[in-house]
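Read the figures in this text as sums done on the coordinates, not as results from a lab. Since the model is a prediction, treat every value here as computed from it, not as a measurement.
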Amino acid sequence: MTAKKAIEFLRIHFEYLKERWKPYPDYNVLEAIRFAISALEKQIPKKPNKTIDSSWGVKKEAHTCPACDCDLTEVYFIAPQESKIKEKNNLL
């Protein structure tokens, strides 16, 4: 089972239990399911949001975090090939 299917499964059961326990819901179980859903959502990798920043009259590509919306343009990304080359050079 993938994380996305588990999230879908937990959401369906969360809604079902919330409706079935209408007069006296067990808030501890519902909170545990909510916590499990949020933990699984954090495990799914997200791609950065790409936008065009045209401040100061210069158009450049800007990247922001999908979770907290902070600016990622100054973060240095290493391509997988470059990191393998650096590892090989360090071993020699």
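Quote to one decimal, in nm, the extra length available between His13 and Arg34 on full extension: 0.36 nm per residue of separation minus the C-alpha distance between them.
6.5 nm
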ask   = Which links in Lys22/Lys42; Lys18/Lys46; Lys4/Lys47; Lys5/Lys42 stretch past 19 Å when you go from one Cα to the other?
value = Lys22/Lys42; Lys18/Lys46
key: Linear extension gain, Cys70 paired with Lys47, 0.36 nm per residue minus alpha-carbon span   = 7.0 nm
